[in-house]
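The values are calculated or read from the model by the stated rules, or taken from the named source; none is laboratory data. Computed from a predicted structure; not experimentally measured. As a convention, Cβ positions derive from the backbone with ideal geometry for all residues, glycine included, and neighbour counts pool all protein chains shown. Keep in mind that these areas ignore ligands, DNA and RNA; they rest on the heavy atoms of the full protein, side chains included. Shrake-Rupley method; radii C 1.70, N 1.55, O 1.52, S 1.80 Å.
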Amino acid sequence: MATTQINTTINGEDYTHEVEPRLLLVHYLREVAGLTGTHVGCETSLCGACTAIVDGQAVKTCTMLAVQADGADITTIEGLAQDGELHPIQEGFWERHGLQCGFCTPGMIVAAHQLLERNPSPTEEEIRHGLEGNFCRCTGYQHIVDAVQYAAEKMQG
Amino acid sequence: MQIKSDHTVSANRERVWEHLTDAELLSQCIPGCEELKATGGGTYEATIKVGVAGIKGTYKGTVRLENMQPPSAYRLMVEGKSTIGFLKGACDFRLEEAKPDETKVGLNGELAVGGKLARVGQRIIGSAAKMTIGQFFKQINKLAATDTDS
Amino acid sequence: MATMAGPSRLIGAPIKRREDPRLVQGLSHYVDDIKLVNMHHCTFLRSDYAHADIKSIDTEAAENLSGVVKVITGVDIQGKVGSIPCAAEIEGLKVPDHPALAVDRVRFVGEPIAAVVATDPYVARDALDLIEVEYDELPTVVDLDDAIESDSTVIYDEFGDNIAFTMPLDAGDVDAAFAEADHVVSQRFVNQRLIPNSIEPRGVLAEYLPGEGTLTVWSSTQVPHHLKTILSLLLDLPEQLVRVIAPEVGGGFGSKLNVYPEEAVVAYLATELRKPVKWIEKRSEGFTTTIHGRDQVDYVDMAVKNDGTITALRAKLLANMGAYHQLLTPIIPVLTYLMMPGAYKISNIKLELIGVFTNKMATDAYRGAGRPEATHIIERMVDLAAQKLGMDPKEIRFKNFPQPDEFPLEMATGVTYDSGNYQMSFNKALDTVDYANLRTRQAELRSQGRYLGIGVATYAEICGMGPSVGVAGGGWESSTVRIERTGKVTVLTGVSPHGQGQETSFAQIVADEYGISIDDIVVIHGDTGRQPQGIGTFGSRATAVGGAALIIATQQVKEKMAQIAAHMLEANVDDLVFEDGNIFVQGSPDSAVTFADVAATAHVAVNLPPDVEPGLEATHFFEPSNFTYPFGAHISIVEVDPETGEIDLQRYVAVDDCGNIINPLLVDGQVHGGIAQGLGQAMYEGAVYDENGQLLTGSFMDYAIPKATQVPRFETEHTTTPSPVNPLGVKGVGEAGTIASSPCLVNAVVDALSPFGVTDIDMPMTPNRVWQAIQDAQ
Amino acid sequence: MIASSFEYFAPTSVDEALSLLSEHGDDAKILAGGHSLIPAMKLRLAEPAVLIDIQRVEGLKGISESDGKLVIGALATHHELESSDLVNRTLPILAQTAGEIGDVQVRNKGTIGGSLSHADPAADWPATILALDADLKIVGSGGERVVKATDFFEELYTTALEADEILTEIHVSIPDGNTTGTYLKLHQVASGFALTGVAAVLSKSGDVCENIAVGITGVSDVPYRASEVESALAGRALTADNIAAAAEKAADGVDILEDIHASEAYRSNLAKVYTRRAIEGAAS
């Protein structure tokens, strides 16, 4: 089995591994790097549970090969809280009951992170549009919208 | 799924019949046909590589010709299987001489697909079948017309 | 006995969840996040055919693949893994053998045929493509109406037909009521098949320690205790040595209220290989082989008087079982049968419920489970009757509601509604939308060629799944409270939350009762090794039954604590107050003992009152006296674009009465999620099989669950009518949103399109369907 | 979820990519954003033996203006097109179309070149690219050629690209201030693909339509220009009646798709209604 060496930075730490070209980035994160906060919810690049930030872009890591991420700077859900302090989006999800089973939550939070980076004070419609690539089966999305609004306000100061 | 289409081949009916029922010629016309081996009684073992949109599968199965009424009608039965699913079809071919050296071929049949192919590919199977049949007749037309010319 | 000091501080408050910090940081562990040393990976080969005889299976090439440890087929486990069980007890029910791996025949697409174990999940997947199966295809049975015809292909030769069971009811004098009716309305309803799709797929990890003889199974399940018992029976292992852990579970909605072939096979493989074995469901497997929901065809007639009084209901209900029974498959339509009258007093009811086998995946409990079907039928029929009478949909409902003082109310179907005030919740909903003005606005818009629709649904549901006489496998629940030596409180519960938030709401209950900080309480669930007894989470029962067990256990321990505290304070037990972590005589907070001191005293056991034993722990098994019957009224406002059939859902108002509320934040979350799923059924979702039993909606590319842009902001309100059947007065709220919302939305769209002559529309109301309904009506 | 094994190459130049492509022929697939190919590979519907990842190829990225044309690199992502100031200023219909594709994560990674080369019959780009009369620059072992958008889409998932060719750039003329365009789409709710997508681009003088181009996707096996609509409206006043009458021809002569989401009759209706609304939108 031919392997390729890849180097990545994940949540500020450097990783180097030999991987099979077919290894999906999400499996690399979960099984090789041991970061299981990024989840797998579908096979067709729709549910968004596997969302992480790769070189500044929120992507579905189930639709990317680990070899494509060679040289990339990656942020996963585990990299958002700093020094034991929840990121304002994580705090928003907690404050506004933006999660129930929690399985979609890491991907949802990472997608919201991208959303607020591009649009710091989104309308409800913009929030819903920005989270279209993340399925939640529990919340009906309303408290997720509220959570993102909470975070937007907090991040604006 | 219903398969219904009409095709015009620029050759007389006997020649078209020959192309539609001869294993050697058929194998040249079926898109992706890698092997077509007569096993007797109008039955052929086939290996066909079908690919649309990079969805490629190598199907192994049988092609059987029934109800042969040369040169006007027959029924084609196809069964194939690959790791992504199976397909099974029965199609009546009707040949009519429209003009001298022009034959109308009418197809009327049913195609069933199963497995992953059906679960994730339903959107394109009808179109893919139509395209494959179109390519088949394009090739038949090419071969039959070339033969006529020669 | 000690009394509780002052008003509740936490019950009723919107306390944010204690589960969340780990979840928002990606630090929690779902089954797939658990790794064991030497763990092997399992994959399943599944049938591509809906109905076929298996002629041969060739596993040799797969076995020879490097990294493959074992390949097994149905024959290999015959006699070693028992038949997947069905817990339903219905007179005359036909229960087919359900092997964990098909042996000689497959009966639905996706049925497992072989299992591969490899050292690497990628290799396990590769091996599947190397297994060759030869089939002899059989004719398929997919359509409900066709399946019960006498000339239908029969799925089980031994049964002679495809009818799994029939259940008749003839209450009152239905024939007379129809004969005397001023109007009869009739309608056929299709309640389409749905695919639950929790975002976490199913998963199982099993480890067997041969020395100790213990089997530990981590499963994404709603019912770890049932799974423990059943696995011990299926694998013939001593139940005491089987432990099932439901770690973090990523949603279930009923689909994980089951025991699946994969759970049995993976557990078997772990015992056989003596290595940990893990299987994680792929979404495409979830679509075909995790239970489906709904799938009924209902033929209904309703007799009404000119004044709107509903005098009788007659229905034939065809319920699709699928090819096998899963744990509760036949029970689900029985709930439809029981709840046919909905929120109305109808004394003459004639029903024929027929469970039907087809070559499809089994149906079973999916959020609402049988009640959305009943509510759809009755709420659509009431609207059809109103339309026929030229009556406002509001008026006909008020006309047929029971009065609040009639509860408890025995219904014609044999159930007794516990408590209710349907007028109150409906009035609140009508006021919220300003109903009268809405109708005026609708008329104005119609004159401009715009089609606004107002949909109303009032409902009553059956919840709080207990008592045991009505719940297969037991309807009780068990909770344990233990006060540790340090004064910290451990709550162990048999309910198995997977998003509902009982780590928070149960702690609220205990904190209030003891007057201690919620931070001193830990709620443990989902582990049969720690909480040995339980039933699980389903049927909106966790708080109504498990919470009830908890409050009683909590009070039992409190009573003992009060005895010890009274001894320490030399006071009278009846005078004691538990407040702010202290226990003291009412009015004398200065001379208190701390909660922790009393806990220590109980454990040190040198200063106990006479006849009081050391330790502070109680377990209570709560058996409710009846189900609970939450109710409410939902109103939706839509505008339909008649040119394209697109529906613009402008407003959704839900007034739910789920009895007392422990945590309003969690209740609203449950209602939102429930409405979104009902809305999914009404507008987007539907499993489509072709005539050969092939599932055509086998991925999220073709099966639409609602996205953030596809649901509106919901307006939620509540009324509070406590249930008399449990000490908390709660009813349950997990399914309410799903139960009321699908008919509410269909009623709205039909109302919008009534000028075109549209009287009914099948779900999901896709733009194509809506457009076609307009074309057909014209 | 797990693809078959393949050999992976990550060339850094077009020449290197082309030589890999000719070396591996039919066994190879080009990987751009991967949002069509990787899902197909995970389901093993596609099992290419060789994957040529062109993401690191220089010169295929970016969006620029040159000689009155917008030059879009094949690797420009949908998000880049959606958010580019240059695109929003010169050809806002491209940004609008990009915004209708998939979801944020898909737009961050998916590329216009990948989408056009894949030629899904319900993809969004083809409608707009057709309506804008774009030129597609293709490079192969035999050199470079330019194909008109109208000649690019041949059959279901089949384009004018030969097996040894790569689409490198999309060129679109930047119109004058009189030209306006709109892309309107009805989403298939599950996949997000177009049940019908109509791009209308027109210029007018007063009320009169001077030029009009209508591209339609999702309706047939192959995206198409609604030439009957165009000829019915060109040179006529853009009145509601004229637009409606022209839009009635949106599906004329077209073989219409049918699937579980939309019947033939419904798609035909959608083509007409969405064409009318897209033209009205562009004309307003």
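Scanning the stretch C:647-665 for residues that are part of a strand (DSSP E or B) and of a type in the set (Val, Ile, Thr), which turns out nearest to the other protein chains (Cβ to nearest Cβ)?
So, considering only residues that are part of a strand (DSSP E or B) and of a type in the set (Val, Ile, Thr), the one nearest to the other protein chains (Cβ to nearest Cβ) is C:Ile647.
Among the residues of the stretch C:329-350, what is the count of those that are open to solvent by less than 10 Å² (accessible area, probe 1.4 Å) and in contact with a helix residue (DSSP H, G or I) (Cβ under 6 Å, 6 or more places away or on another chain)?
Residues meeting the conditions: 6.
Can you spot a residue in the stretch C:117-137 that is in contact (Cβ under 8 Å) with a residue 12 or more places away in the chain, under 24 Å from C:Val259 (Cβ atoms) and within 27 Å of the chain's Cα centre (by Cα)?
Checking the stretch C:117-137: not a single residue is in contact (Cβ under 8 Å) with a residue 12 or more places away in the chain, under 24 Å from C:Val259 (Cβ atoms) and within 27 Å of the chain's Cα centre (by Cα).
Which residue is farthest from the other protein chains (Cβ to nearest Cβ), if the candidates are limited to the stretch A:111-134 and must be open to solvent by 10 Å² or more (accessible area, probe 1.4 Å) and not in a helix (DSSP H, G or I)?
For the stretch A:111-134, the residue satisfying everything is A:Ser121.
Which members of the stretch A:42-53 meet the condition of being more than 8 Å from every other protein chain (Cβ to nearest Cβ) and either in a helix (DSSP H, G or I) or open to solvent by less than 10 Å² (accessible area, probe 1.4 Å) (or both)?
Scanning the stretch A:42-53 gives A:Cys50, A:Ala52.
Kindly state which strands (runs of 3 or more DSSP E) lie completely within the stretch C:22-109 and contain at least 1 residues that are touching a residue at least 40 places away in the same chain (Cβ under 8 Å) and within 14 Å of chain A (Cβ to nearest Cβ). So that I can check it myself, show each step before the final result.
Values: elements: C:40-46, C:52-58, C:68-73.
So the answer is C:40-46.
Mind counting the residues in the stretch A:1-39 that are under 14 Å from the mean Cα position of the chain (by Cα) and open to solvent by less than 20 Å² (accessible area, probe 1.4 Å)?
Of the residues in the stretch A:1-39, 9 are under 14 Å from the mean Cα position of the chain (by Cα) and open to solvent by less than 20 Å² (accessible area, probe 1.4 Å).
Which residues, taken from the stretch D:246-284, are assigned to a strand (DSSP E or B) and not hydrophobic (A, V, I, L, M, F, W, C)?
Residue satisfying the conditions is D:Asp259 alone.
Of the conditions (1) over 30 Å from C:Leu608 (Cα atoms); (2) free of Cβ contacts under 8 Å to residues at least 60 places away in the same chain; (3) not acidic (Asp, Glu), C:Gly455 clears all except one; give me its number.
Among (1) over 30 Å from C:Leu608 (Cα atoms); (2) free of Cβ contacts under 8 Å to residues at least 60 places away in the same chain; (3) not acidic (Asp, Glu), C:Gly455 violates only (2).
Restricting attention to the stretch D:210-231, does a residue exist that is touching a residue at least 40 places away in the same chain (Cβ under 8 Å) and out of contact with any strand residue (DSSP E or B) (no Cβ under 9 Å at 6 or more places or on another chain)?
The answer is no; no qualifying residue exists.
Is it true that some residue in the stretch C:210-221 is part of a loop (DSSP other than H, G, I, E, B), within 29 Å of C:Ser742 (Cα to Cα), in contact (Cβ under 8 Å) with a residue 60 or more places away in the chain and out of contact with any helix residue (DSSP H, G or I) (no Cβ under 7 Å at 6 or more places or on another chain)?
No - not one qualifying residue is present in the stretch C:210-221.
So, in the stretch C:689-739, of the ones that are touching an Asp or Glu at 6+ places or on another chain (Cβ under 8 Å), in contact (Cβ under 8 Å) with a residue 12 or more places away in the chain and assigned to a helix (DSSP H, G or I), which residue ends up farthest from the other protein chains (Cβ to nearest Cβ)?
Applying the filter and picking the extreme gives C:Ile739.
Every residue in the stretch D:252-275 that is under 21 Å from D:Ala190 (Cβ atoms) and touching a residue at least 60 places away in the same chain (Cβ under 8 Å), please.
D:Leu257, D:His261, D:Ala262, D:Arg267, D:Leu270, D:Ala271, D:Tyr274, listed by residue number.
Return the residue satisfying two criteria in turn: it lies in the stretch B:4-22 and is open to solvent by less than 20 Å² (accessible area, probe 1.4 Å) and more than 12 Å from B:Glu97 (Cβ to Cβ), and of such residues it is nearest to the chain's Cα centre (by Cα).
So the residue we want is B:Leu20.
Could you please give the count of residues in the stretch D:32-84 that are within 19 Å of the chain's Cα centre (by Cα) and within 11 Å of chain B (Cβ to nearest Cβ)?
The total comes to 2.
Which of the residues belonging to the stretch B:52-85 are away from chain D (no Cβ under 14 Å), open to solvent by less than 70 Å² (accessible area, probe 1.4 Å) and either within 16 Å of B:Met1 (Cβ to Cβ) or in contact with a His (Cβ under 9 Å, 6 or more places away or on another chain) (or both)?
The answer is B:Leu76, B:Met77, B:Val78, B:Gly80.
Among the numbered conditions (1) at pLDDT 95 or above; (2) away from chain B (no Cβ under 14 Å); (3) touching a helix residue (DSSP H, G or I) at 6+ places or on another chain (Cβ under 9 Å), tell me where D:Asp151 comes up short.
Condition (3) is where D:Asp151 drops out.
Determine which member of the set D:Glu230, D:Glu258 is farther than 19 Å from D:Thr128 by Cα and either open to solvent by less than 60 Å² (accessible area, probe 1.4 Å) or not assigned by TED's automatic domain parsing to the domain that holds D:Tyr157 (or both).
Values: D:Glu230 fails: farther than 19 Å from D:Thr128 by Cα.
Going through D:Glu230, D:Glu258 in turn, the sole match is D:Glu258.
Yes or no, residue by residue, for (1) polar (S, T, N, Q); (2) outside the structural domain of D:Ser141 (by TED's automatic domain parsing):
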position	(1), (2)
D:Ser22	yes, yes
D:Asp27	no, yes
D:Ile30	no, yes
D:Leu45	no, yes
D:Gly73	no, no
D:Thr77	yes, no
D:Glu80	no, no
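Filter the stretch A:63-110 down to residues that are within 9 Å of chain C (Cβ to nearest Cβ) and either assigned to a strand (DSSP E or B) or among the aromatic types (Phe, Trp, Tyr) (or both), then give me how many there are.
3
I'd like to check something: does the stretch C:666-688 contain any residue that is facing another protein chain (nearest Cβ under 7 Å), surrounded by fewer than 24 Cβ atoms within 10 Å (Cβ to Cβ) and under 30 Å from C:Glu137 (Cβ atoms)?
There is at least one residue in the stretch C:666-688 that is facing another protein chain (nearest Cβ under 7 Å), surrounded by fewer than 24 Cβ atoms within 10 Å (Cβ to Cβ) and under 30 Å from C:Glu137 (Cβ atoms).
C:Val415 versus (1) in contact (Cβ under 8 Å) with a residue 12 or more places away in the chain; (2) more than 24 Å from C:Ser625 (Cβ to Cβ); (3) open to solvent by 10 Å² or more (accessible area, probe 1.4 Å): which is the lone unmet condition?
Checking C:Val415 against (1) in contact (Cβ under 8 Å) with a residue 12 or more places away in the chain; (2) more than 24 Å from C:Ser625 (Cβ to Cβ); (3) open to solvent by 10 Å² or more (accessible area, probe 1.4 Å), the one that fails is (2).
So which residues in the stretch C:505-520 are within 19 Å of C:Pro14 (Cβ to Cβ) and in a loop (DSSP other than H, G, I, E, B), if there are any at all?
Result: C:Ser517, single match.
Are there any helices (runs of 4 or more DSSP H) wholly within the stretch C:258-373 with 3 or more residues that are in contact with a strand residue (DSSP E or B) (Cβ under 6 Å, 6 or more places away or on another chain) and closer than 21 Å to C:Leu45 by Cα, and if so which?
So the answer is C:261-273.
From C:Arg397, C:Arg441, grab the single residue that is closer than 16 Å to C:Cys744 by Cα and outside any strand (DSSP E or B).
Answer to the selection: C:Arg397.
For the stretch B:110-121, check the following and say yes or no: at least one residue is more than 14 Å from chain C (Cβ to nearest Cβ) and either within 12 Å of B:Ile3 (Cα to Cα) or surrounded by 17 or more Cβ atoms within 10 Å (Cβ to Cβ) (or both).
Among the residues of the stretch B:110-121, not one is more than 14 Å from chain C (Cβ to nearest Cβ) and either within 12 Å of B:Ile3 (Cα to Cα) or surrounded by 17 or more Cβ atoms within 10 Å (Cβ to Cβ) (or both), which makes the answer no.
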